[in-house]
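The values are calculated or read from the model by the stated rules, or taken from the named source; none is laboratory data. This is a predicted model, so every value here is computed, not measured. Because the Cβ atoms are built from the backbone with ideal geometry, glycine has one as well, and the counts that use them run over all protein chains shown. Surface accessibility is based on the protein's heavy atoms, side chains included, excluding ligands, DNA and RNA. Shrake-Rupley method; radii C 1.70, N 1.55, O 1.52, S 1.80 Å.
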Amino acid sequence: MTASAHILQKGSVTRVMLLVLACLLPGVLAYVWQFGWGIVINLAWASILALALEALALRLRSYPLKPFLADGSAVVTAWLLALSLPPLAPWWLTLVGMLFAIGVAKHLYGGLGQNIFNPAMIGFAVLIISFPAQMTQWAAPLSLAAQPLTFGESLGFIFGGGLPPGLGLDAVVSATPLDTLRTGLLQQHTLHEIQAASHVFGSVGGVGGEWVAAAYLAGGLILWALRIVPWQVPAAFLAGIWLTAGFLHWADAGRYAAPWFQIATPSAMLGAFFIATDPVTGATTPRGRLIFGLGAGFLTVIIRAFGGYPDGVAFAILLMNLCVPLIDAYTQPPVFGAAKKK
Amino acid sequence: MLTAILVMAGIAVAVGAVLGFAALRYKVEGDPLVEKIDAILPQTQCGQCGFPGCRPYAEAIAKGEADINLCPPGGEEGVKKLAELLGVEPKPLDESHGVQKPKSVAFIDESLCIGCTLCIQACPVDAILGAAKQMHTIIAAECTGCELCVAPCPVDCISMVPLKEDVGNWKWKYPVFKLKQVA
Amino acid sequence: MMELHRFPGGIHPDEQKAQSAARPIHAAFVPKKLVVPLRQHIGQPAKPVVQVGEHVLKGQMIAEADGYVSVAIHAPSSGTVTDIGLAAVPHPSGLPDLCITIATDGKDEWMARTPVDWRNTDPAALRGHVRDMGIVGLGGAVFPSSIKLDPAGNPPIHTLVLNGGECEPWITCDDRLMRECAEDILEGARIMQHLLGASRVIAGIEDNKPEAIAAMRAAAQKLGLAVEVAAMPTIYPGGGGKQITKTLTGLDTPSGGRTTDVGVQVFNMGTSYALARAILHGEPLISRIVTVTGHVLRPQNYEVLIGTPMRELLLRAGERDGTTGIIMGGPMMGFDVPNPDVPVVKSTNCVLAKSAELFPPKPRELPCIRCTQCVPVCPAELQPQQLYWFARAKDLGKAQEYHLFDCIECGCCSYVCPSHIPLVDYYRFAKSEIWAREKEKRLADTARDRHEFRLFRQEREKKEKAERLAAKAQTKKAEAPVLSTPEQDAKQKLIQEALARAQAKKAAVSPKNVDNLSPVKQAEIAEIEARRAKIRAIAKQPVEPEQP
């Protein structure tokens, strides 16, 4: 009959989710600036899919639509997935990804707040396992592209697969720096040779990508300043990458990329500030968050260096999602006055 | 060949020694199963299960002579706990032994009591106070609500009064948390 | 300036105190009817010592303390006892409770009041007197003060804290009391210090009450008392016992413990005032200061006789249209009262009228997203989101393991939750469920012990009887059998006669419980009879009918 407290602070899940989206905007802008219009189309397409799929799932589970569509969590998932996919990914790739993200990873586990795994990362993992070819056709940075696609041409490519006449696929897509690195290493080239031979490498990270990473960092810092995300996860995640990559680079500079290069990838920054910080699937204790972040950073580099896929952020975070209950159980902070008891 | 056999034998001896030591070192005292079952039973001592009290029933369960669903005061929840303890499937309460009733205490209509002491003898937990030819009274706090005193009373002056919720025993309710649409 | 410490957690809700703090305390008035509950404190309810129809004087004891953890209740005004029975009380359950109803005669006639020379009274007797004057903690917990004033603990009490951290929004009763009656409060503190043997007295007052701080400082100087008056930062729940102890002394109360475990005893300002009135003026606790605020025309503090219906207060403060309910206490920890006719009790510090504007309906609850906004605000440094999961899943063992019982139910977590989950309600549910189960367990254990003892007794009696019979048989070998038939016959006859008498009586009074026995009940009795027979057969030890 009573529900204390009788007064509530202003704030809601919707506000949290909208702030996350707002803080992603710098990254999106940088993305458009460096890689063209494709990402905007895919963000919109993913958002539409997310809301439609969410509505469908809610209807099937006889949950009310309005409060759960308005909470914004589906759109956040959509953006995170779209930003992880190649900017010119075909429409059906996003569809399959969102189907798994919203349908399987979120609603089969009980919907908002109940999922064990980050939905966007489940969608990403399913896609990279099922469609490795499409997933590595990254849009070339505009500065390297022979002829940038216009908005209409991007739309046509994403939904029709057709390119303007006279333009080959190689003109619009290229491998990511991480992918280039991996292929080169498989061909027994040294790091130095690969970087000298390819033009996708920028001053710190990849051409274009390093700007996007910097924008994610900026947005992420705002998110932290607003106390939406705790400092522990991003800091530990980046530290995990830096330390692991640093050790490998120190051990064999010819094979393993420098730590700054690893951190300056868009996926690392997006993962650190926006994906690993997902409260639902992350650790909740301060020490637990440090362990969670460090583990995810460590696994990211390990997978990049020794795994079968060029990037490891998604798998690293999913693996750490799995460990969350254990981490939380063993990192409970002492309660007020607990120290004096013993 | 010989070396392999010797190595294997050596490992076997070593492991055996460790196991033997562990068995002695970490020995578990006694068989606490009866105690554990008895702890789950509600201690009403009503005998509805067919055994003269909760402990005999616990012993029978432990020996596998009685089923776990014979205790109406324990209710479905009690059956579930027993099933969990014994690692068996829970089953519905056996209604031939009675149904679960709200917790009650016996009440003696003191204007009718003749002081025959028959109820005092019937009470399994000595919760009735009185002497021969003196009016008897139930110690409500000790009464388990077993009803065993009701039948022996020659003047039918004992009735079972269900315990009512009051400010003293009231519990906070589970918050209603409606996510689903009410159909 | 003394060093202050920061307790963990806390929030800054809108204070809303200016409305009621501006006006002085309104003097007590006598309503036509006073409904005085017998359960106004933690522990055993008081036992009535008056009869219906009896005339009582103001301050006369109408119910006495029943046991150690209990206090007496007194008539708040003179009049006639019209009822002793169930009536609506302010309790979150909305259930009625035992109350003594007094129809006042309007004379407000005091009984003889006798001050106590507390310096020359035995401490135990003085504590007994405190109990008989009905003094309980007026900060909200209403724990009997007589027990809190007993220093027979380990470690000894070194510091007495006067709690002026009135941290809940809207409430200003302690603020006004400090401004207007600082000297009485400090007189009370002097008695407390004497009983506790505390070397230090600190009055902690939040810095949003500068007038109260000034008044207390002036009073301390005037009385020449070594009371440190500290201005504490205003943070909710800075008035919690463990929190104010941390703020003023830097001591951490152990988890699961009380502030007395670190040698600090905390009393509310109102309690100290009530104690001074009781000891120095012989006035038992029959009234208290109540803030009447919220959706009323003239928010103000009132001195209110215990038992005054809340409706009377609303009428005096100017009831307004659109009142949607009454909260007793503050908006953080208070609860909705079932109706405006419930009486003011010793724990009523505030009567807060609600309206849709001041207390809009809560937004819909959403699932927990584990955002942990509740963690940094929790003053007990718990993991509210974990406790919530456990309480929701009814995993009570785990909830306890995660220190559920360190939760002070301050409501900070509910206040900040972006999913608007009534977290505290879950914790209260879990706590009361655990208490109920523990009680059930205790009862079961008692029943087991008593049953086992009975079996042992029966065995012993059987043996003794056998021995006795054997001994008798030895001495009266050749003589007649011990149990003479005529004797038994006589007994049987007695029983028969009694039965007949009972039947006759029964017919005369026609008791309810055996009247028109339904076939169902007959069958039930028959079934029980059969069961008993079966048990006897199985037990193979027929209960020997003891000769009356």
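Values as computed for the structure displayed
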| quantity | calculated |
| --- | --- |
| At most 15 other Cβ within 10 Å, DSSP loop - GluC sites (Glu not before Pro), segment B:93-173 | B:E110, B:E165 |
| Magnitude of the charge dipole, the protein assembly as shown, Cβ model with Lys/Arg +1 and Asp/Glu -1, debye to 20 | 900 |
| Which of C:V292, C:Y415, C:S347, positive extreme of dipole for chain C (C-beta unit charges) | C:S347 |
| Whole-Å distance, taken between Cα centres, linking segment A:11-52 and segment C:145-174 | 54 |
| Chain lengthening between C:E459 and C:I495 when straightened (0.36 nm per residue, less Cα-Cα) | 10.3 nm |
| Given charges at beta-carbon only (K, R positive; D, E negative), |dipole| of segment B:33-97 in Debye | 140 |
| Accessible heavy-atom area order of A:H249, C:H55, highest first, probe of 1.4 Å | C:H55, A:H249 |
| In nm, spacing of pseudo-spin labels at C:T80 and C:A471 (7 Å Cα→C-beta vector) | 6.4 |
| Accessible area, probe 1.4 Å, largest first, for residues A:C323, B:C113 | A:C323, B:C113 |
| Nearest-10 value in Å² for the accessible area of C:T121, using the 1.4 Å probe | 40 |
| Accessible area expressed per residue, chain C, with surrounding protein chains retained (probe 1.4 Å, Å²) | 44 |
| Computed magnitude of the charge dipole of segment C:366-469 (debye, nearest 20; Cβ of K, R +1, Cβ of D, E -1) | 600 |
| By accessible area with a 1.4 Å probe, ligands and nucleic acids excluded, highest first: order of A:S203, C:S272, B:S159 | A:S203, B:S159, C:S272 |
| Span-like helix ranges in chain A, DSSP H, alpha carbon extent 27 angstrom or more, Kyte mean at least 1.0 | A:13-35, A:38-60, A:232-251, A:286-306 |
| Built amide H within the under 5 Å cut-off of C:K33, gap 5+ | C:T104 |
| Listed residues A:T244, B:L112, A:Q137: farthest to the positive end of the dipole of the protein assembly as shown (Cβ charges) | B:L112 |
| Alpha-carbon centroid distance for the pair segment C:307-369 / segment A:235-287, whole angstrom | 53 |
| Cα→Cβ-extended label distance, 7 Å offset, between A:L142 and C:E228, nm | 6.6 |
| Positive-pole candidate from C:Y402, C:I205, C:P360, dipole of chain C, charges at beta carbon | C:Y402 |
| Estimated FRET transfer efficiency (A:L319, C:A152; beta-carbon r; R0 60 Å; 0.05) | 0.55 |
| Pairwise label distance in nanometres, C:R298 with A:R15, each label 7 Å out on the Cα-Cβ vector | 3.8 |
| Taking N as its residue count, the alpha carbon Rg of the protein assembly as shown over 2.2 N^0.38 Å | 1.21 |
| Between 0 and 90°, nearest 10: helix C:423-475 axis offset from chain C longest Cα axis | 30 |
| Peptide-level mean, for C:416-423, of C-beta atoms on other protein chains within 10 Å | 6 |
| Kyte-Doolittle mean at least 0.5, axial Cα span of 15 Å or more - DSSP H helices of chain B | B:2-25 |
| Computed accessible area, A:F306, all protein chains, 1.4 angstrom probe, square angstrom | 120 |
| Estimated FRET transfer efficiency when R0 is 56 angstrom, pair C:E109-A:L221 (beta carbons, to 0.05) | 0.15 |
| Accessible area (Å², 1.4 Å probe, nearest 10) - C:Y236 | 10 |
| Estimated FRET transfer efficiency when R0 is 60 angstrom, pair A:L95-C:A356 (beta carbons, to 0.05) | 0.85 |
| Rounded to 10°, Cα long-axis angle of helix C:485-509 versus longest principal axis of chain C | 50 |
| Centroid-to-centroid separation of segment C:239-273 and segment C:206-231 [C-alpha atoms, Å] | 19 |
| Entries of B:K36/C:K242; C:K209/C:K354; B:K101/C:K346; C:K148/C:K398 with Cα pairs more than 28 Å apart | B:K36/C:K242; B:K101/C:K346; C:K148/C:K398 |
| By average C-beta atoms within 10 angstrom, highest first, the peptides C:303-316, C:6-19, C:179-192 | C:179-192, C:303-316, C:6-19 |
| Nearest 10 degrees, 0 to 90: helix C:123-132 Cα axis against chain C principal axis | 90 |
| Computed helical MRE - 222 nm, the protein assembly as shown, DSSP H runs ≥ 4 contributing -39500 (n - 2.57), nearest 500 | -14000 deg cm²/dmol |
